[in-house]
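See structure below.
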Amino acid sequence: MGYPSFTKAELAAFTGRPPASFPAFVEASAYPQALLLFKIGTCLASLDDLTEDQFQMARFAIMSMADSIHLSQPYAAAKSSPFSSESIGSYSYSKAAKAVSKGETTGVEWFDLAIKNLSVCDTEDDLPMSGGIEVFENDASFVQGASLGNFRMLSPQDIDLSRSYGFDPAASSIYGG
């Protein structure tokens, strides 16, 4: 099945506004843009494997984004001006595309909720959410840190100072002792 197509009548039912309030732009451009943003944000090849609730969330997400794109059109000229600022208009597709590609929220509630809950994008290239950085840990020496339970790893400079001048980094006023 892949992805469903939507009509102005479905968007009207979703928003509660009359079907006549939606121009041809909605089906010709707003839906394809919203669908592409959804695909970028979720990395889903299709909606076939989703549960009924997940499928409904995906539909709401795409319709919400399409509606937001549609509602931003009266401000398109002002937003495309090189002198416009981020605050002109209510919403911008280009802002949404940038946010989705960076994994940030767009401000469209159903869309952001769906991206958060349905995304299967590979984040292998992203920074880890937990873990640490190993630096000099194989040959490192540690002393009590400034706060209870913390440890301070001695740098090569600290070790050189202790060897050359008898400096004890663990006894300094900053690191306890």
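The values are calculated or read from the model by the stated rules, or taken from the named source; none is laboratory data. Keep in mind the model is a prediction, meaning the values are calculated, not measured. When we count neighbours, we look across all protein chains shown, and the Cβ atoms used for this are built from the backbone with ideal geometry, even at glycine.
When we screen 97, 78 for residues that are part of a helix (DSSP H, G or I) and at pLDDT 50 or above, the only hit is 97.
Table: residues versus (1) among the β-branched types (Val, Ile, Thr); (2) more than 22 Å from residue 121 (Cβ to Cβ); (3) out of contact with any Gly (no Cβ under 9 Å at 6 or more places or on another chain).
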site: 14; (1), (2), (3): no, yes, yes
site: 20; (1), (2), (3): no, yes, yes
site: 23; (1), (2), (3): no, yes, yes
site: 26; (1), (2), (3): yes, yes, yes
site: 37; (1), (2), (3): no, no, yes
site: 69; (1), (2), (3): yes, no, yes
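May I ask you to verify whether residue 83 is over 15 Å from residue 112 (Cα atoms) and either outside the structural domain of residue 114 (by TED's automatic domain parsing) or modelled with pLDDT under 90 (or both)? Judged against the criteria, residue 83 is a match.
Taken over region 1-60, the criterion of being surrounded by 12 or more Cβ atoms within 10 Å (Cβ to Cβ), of a type outside the set (Gly, Ala, Ser), free of Cβ contacts under 8 Å to residues at least 40 places away in the same chain and part of a helix (DSSP H, G or I) is satisfied by 8, 19, 27, 31, 32, 35, 36, 39, 55, 56.
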